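Working notes, beginning with the structure itself.
The values are calculated or read from the model by the stated rules, or taken from the named source; none is laboratory data. Fair warning: this is a prediction, and the values are worked out from it, not measured in the lab. We place every Cβ from the backbone using ideal geometry, glycine too, and count neighbours over all the protein chains shown.
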Amino acid sequence: MAERRVAIIGCGQLAQMMAQEGRSLGITFSFVALGEESTVCVQDLGEVVRVGDSPDAGSLYRELGCPEVITTEREDVPPGLLRALQEFCPVYPQADAVEKTQHRLREKLALLESGVPVAPFLPAENYHDVCAAIGYLGYPAFIKACESGYDGKNQWRVDSVAQLEQLRDELAPGSYVVEKGVPFSREVSIVGVRSASGETRSYPLTENRHENGTLLVSRAPAADGNGELETAQRYLATLLDDWDYVGVLTMECFVTRSGILVNELAPRVHNSGHWTLAGAPVSQFANHLRAILGMPLGDTTCAQPAAMVNMLGVDTIPRTPNEGVWLYGKRRRPGRKLGHVIMLDESTESLDRRVEEVLAELYTSDTPERSANA
């Protein structure tokens with residue numbers, strides 16, 4: 001198989017797993033470390049080029065080994081850098097898509113423009129605006145910073161005037177989205193992929209369990225009692241086509257009485273799709289690489305129930321039977337994503353029991369790490 005070269009912007013666990021999955025495809029990798037970013041996850045997986053705030057795109061491209069295509073494992077990448085690199089080779093996902101998903105208000109407006117429903121919301125720029133928005137939307141409400149908000153960070157739930165008043169000094173002038181709290185029965189996500197030729201596939205709907213805003217458990221395939229899978233597939237396919245998107249795109253949703261509402265998007269491989277490493281014939285990481293390199297997409301089916309448990313602040317290897325433990329090589333820190341466990345089973349009931357056994361092994365009563373944010 002002829003060698004192909006891909007450069008990845010970012011050096012975290014997503015880049016690590018992408019490179020590991022790319023070996024069988026004959027791909028050589030190089031990586032961009034932004035600022036002081038740690039490179040421990042991609043150690044020995046390829047050349048690493050560290051850049052500052054204003055790198056020269058041409059020099060960077062050459063230092064990366066003149067890759068065939070450049071991709072990213074993270075959302076907080078300067079769109080200007082992506083556009084500059086496009087002068088030398090294709091960059092997927094495209095800068096426009098990354099820019100939309102970096103900012104909650106831009107993202108929500110882009111979703112609505114494509115006819116994809118979201119929870120009622122209003123923009124805000126300061127505490128006064130937030131109060132006015134909640135006065136219109138009502139309680140409960142969620143205040144979310146438009147930028148730098150993930151895994152529960154820079155997000156606040158308010159259920160009363162008293163709670164809102166406590167945030168007066170915390171909500172500095174900036175860009176916020178205030179969302180109406182919508183009752184939902186569960187949180188689900190769907191991982192889709194589109195190639196440059198327009199070929200599109202998606203993985204089964206995944207049900208997600210969060211704790212303090214951080215993903216703890218994903219199970220696939222999620223129950224599909226009211227056509228949620230078909231609806232999610234339609235919404236995702238619409239976005240992939242409207243944006244002429246190339247690569248993996250993940251859509252996180254709430255299941256409500258009136259149907260699916262989209263919560264947010266991730267223009268990359270995603271934590272809730274890690275189960276595909278053992279639970280699907282072709283993982284999300286391999287399909288992302290296939291898509292950006294113009295290769296035929298692989299099988300995304302799920303033959304039996306699968307589950308993934310995140311290892312948040314813990315790196316104990318569970319004794320409960322599993323399909324594999326992925327450790328990222330990162331230093332322990334409370335709540336930090338250090339790895340994950342994947343399990344498969346013939347029955348959902350048996351799988352659920354094993355998930356709870358793994359959780360009990362990882363998070364004992366004297367292990368406080370689980371309650372912290374990643």
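Run down R83, R74 and say which single residue is assigned to a loop (DSSP other than H, G, I, E, B) and basic (K, R). Walk me through it before giving the result.
Working: R83 fails: assigned to a loop (DSSP other than H, G, I, E, B).
Sole residue among the options that is assigned to a loop (DSSP other than H, G, I, E, B) and basic (K, R): R74.
Specify which of the listed residues (R23, R62) is under 24 Å from the mean Cα position of the chain (by Cα) and without any contact (Cβ under 8 Å) to a residue 12 or more places away in the chain.
Details: R62 fails: under 24 Å from the mean Cα position of the chain (by Cα).
Only one candidate passes the filter, namely R23.
Which residues, counting only those in the range 42-54, are in a loop (DSSP other than H, G, I, E, B) and either within 20 Å of P93 (Cα to Cα) or in contact with a helix residue (DSSP H, G or I) (Cβ under 6 Å, 6 or more places away or on another chain) (or both)? Show your work before the answer.
Step one: of the range 42-54, the residues in a loop (DSSP other than H, G, I, E, B) are 43-46, 52-54.
The one that is in a loop (DSSP other than H, G, I, E, B) and either within 20 Å of P93 (Cα to Cα) or in contact with a helix residue (DSSP H, G or I) (Cβ under 6 Å, 6 or more places away or on another chain) (or both): L45.
Name the pairs whose Cβ atoms lie under 8 Å apart, with the first residue in the range 341-352 and in contact (Cβ under 8 Å) with a residue 12 or more places away in the chain, the second loosely packed, with under 14 Cβ neighbours inside 10 Å, and 6 or more positions between them or separate chains?
Going by the 8 Å Cβ cut-off, the qualifying pairs are V341/G324; I342/G324; M343/P321; L344/Q304; D345/Q304; E346/Q304.
Checking E207 against (1) of a type outside the set (F, W, Y); (2) part of a strand (DSSP E or B); (3) out of contact with any Lys or Arg (no Cβ under 7 Å at 6 or more places or on another chain), only one condition comes out false. Which one?
(3)
Only one of these is touching a strand residue (DSSP E or B) at 6+ places or on another chain (Cβ under 8 Å), among the small types (G, A, S) and more than 22 Å from A7 (Cβ to Cβ): A110, A124. Name it. It would help to see each step written out before you state the result.
Working: A110 fails: touching a strand residue (DSSP E or B) at 6+ places or on another chain (Cβ under 8 Å).
Going through A110, A124 in turn, the sole match is A124.
Residues being among the small types (G, A, S) and not in a strand (DSSP E or B): count how many of those fall in the range 291-333. If you could, list the steps in order and put the result at the bottom.
Looking only at the range 291-333, we keep the residues that are among the small types (G, A, S), and these are 291, 294, 298, 303, 306-307, 313, 324, 329.
Those still in the list that are not in a strand (DSSP E or B) too: 291, 294, 298, 303, 313, 329.
The total comes to 6.
What are the residues in the range 48-67 that are surrounded by fewer than 14 Cβ atoms within 10 Å (Cβ to Cβ) and of a type in the set (D, E), if any? It would help to see each step written out before you state the result.
Of all residues in the range 48-67, those surrounded by fewer than 14 Cβ atoms within 10 Å (Cβ to Cβ) come to 52-54, 56, 58-59, 62, 66.
Those that are surrounded by fewer than 14 Cβ atoms within 10 Å (Cβ to Cβ) and of a type in the set (D, E): D53, D56.
Exactly one of (1) over 20 Å from A291 (Cβ atoms); (2) of a type in the set (D, E, K, R); (3) modelled with pLDDT of 95 or more is unmet by E73. Its number?
Just one mismatch for E73, condition (1).
Could you tell me whether L239 is closer than 20 Å to V98 by Cα, in a strand (DSSP E or B) and either in contact with an Asp or Glu (Cβ under 6 Å, 6 or more places away or on another chain) or modelled with pLDDT of 95 or more (or both)?
Working: closer than 20 Å to V98 by Cα: yes; in a strand (DSSP E or B): no; either in contact with an Asp or Glu (Cβ under 6 Å, 6 or more places away or on another chain) or modelled with pLDDT of 95 or more (or both): yes.
When the stated conditions are applied, L239 does not pass them.
Of the residues that make up the range 167-177, is at least one over 17 Å from the mean Cα position of the chain (by Cα) and closer than 30 Å to V282 by Cα?
Looking only at the range 167-177, we keep the residues that are over 17 Å from the mean Cα position of the chain (by Cα), and these are 167-177.
Subsequent filtering for residues that are closer than 30 Å to V282 by Cα retains none.
No: the range 167-177 contains no residue that is over 17 Å from the mean Cα position of the chain (by Cα) and closer than 30 Å to V282 by Cα.
Just a yes or no: is a residue in the range 352-364 at pLDDT 95 or above, loosely packed, with under 14 Cβ neighbours inside 10 Å, not in a helix (DSSP H, G or I) and not polar (S, T, N, Q)?
no
Pick out the one residue from G279, G247 that is small (G, A, S), modelled with pLDDT of 95 or more and farther than 27 Å from D96 by Cβ.
Details: G247 fails: farther than 27 Å from D96 by Cβ.
Being small (G, A, S), modelled with pLDDT of 95 or more and farther than 27 Å from D96 by Cβ holds for just one of G279, G247, which is G279.
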